Amino acid sequence: MTHVALLRAVNLPGHNRVAMADLRQLLAGLGLGDPQSLLQSGNLVFRGDGRSSAELEHLLENAAARRLDLRTDFFVRSAEEWAGLIAGNPFPDEARRDPGHLVVMFLKEAPDRAAVTALQQAITGREVVRAQGRHAFVVYRDGIGRSRLTSAVIEAKLGTRATGRNWNTVLKLGALTEQP
């Protein structure tokens, strides 16, 4: 089974530096097949060994800490989950019109309705948020850089760790999961 793994907050200026080649080598050393990376921001695609996404997250987090001295969260989704995420996008018009301003936040745990409502009420700009399971879709109509709806705010309101990828990256990773 093919999986996507996203690392939280790597290769930011002066923070959690890691080479994608080292990550691919880590996965291969763990017996995970055909590891590929996309961009330098911690996006990996690989063939799993029958373990669940949660088991793979735990395995990768521990191995990265031990072998690469990298302490960060991994967010793992199966190719099937990834396809469902793409198909279930609540903002298809925005995805077509401006995919760089549509961000999917990958969550460690699915937030409850009250947490999603609290996040929506915390919005001070024109951003729009919809949550589905362990994903929150955010449209940053006025851009991400100046928005006050930061990852820290999203994590605090939803009560779980998160990492975000724009829609362009989501689609590119989806294409990698479909390769033979």
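Relative to the longest principal axis of the Cα atoms of the chain, the long axis of helix 53-68 lies at roughly 60 degrees.
Can you order the peptides 73-84, 54-65 by their average number of other Cβ atoms within 10 Å per residue, highest first?
Result, highest mean Cβ count within 10 Å first: 73-84, 54-65.
Taking the 0 to 90 degree range and rounding to the nearest ten, how far is the long axis of helix 113-122 tilted relative to the main principal axis of the chain, both from C-alpha atoms? Compared with the principal axis, the helix lies near 60 degrees.
Mean 1/r over all different Cα pairs, inverted: what Kirkwood radius does region 2-81 give, in Å?
Result for region 2-81 stands at 12.3 Å.
On full extension, the segment bounded by Ala110 and Asp34 gains 24.4 nm, given 0.36 nm per residue less the C-alpha separation. The simple spin-label model puts a point 7 Å past each Cα toward its Cβ; for Asn168 and Glu80 those points are separated by 3.2 nm.
Against the main long axis of the alpha-carbon atoms of the chain, helix 20-29 sits at an angle near 50°. Return the label of the correct value of percent of Cα pairs over 25 Å apart, as calculated from the structure shown, out of [x] 41; [y] 32; [z] 49. Matching entry in [x] 41; [y] 32; [z] 49: [y].
Rule-based calculations on the coordinates, nothing more; no lab input. Keep in mind the model is a prediction, meaning the values are calculated, not measured. Cβ sites come from the backbone with ideal geometry, for glycine too, and all protein chains shown count toward neighbours.
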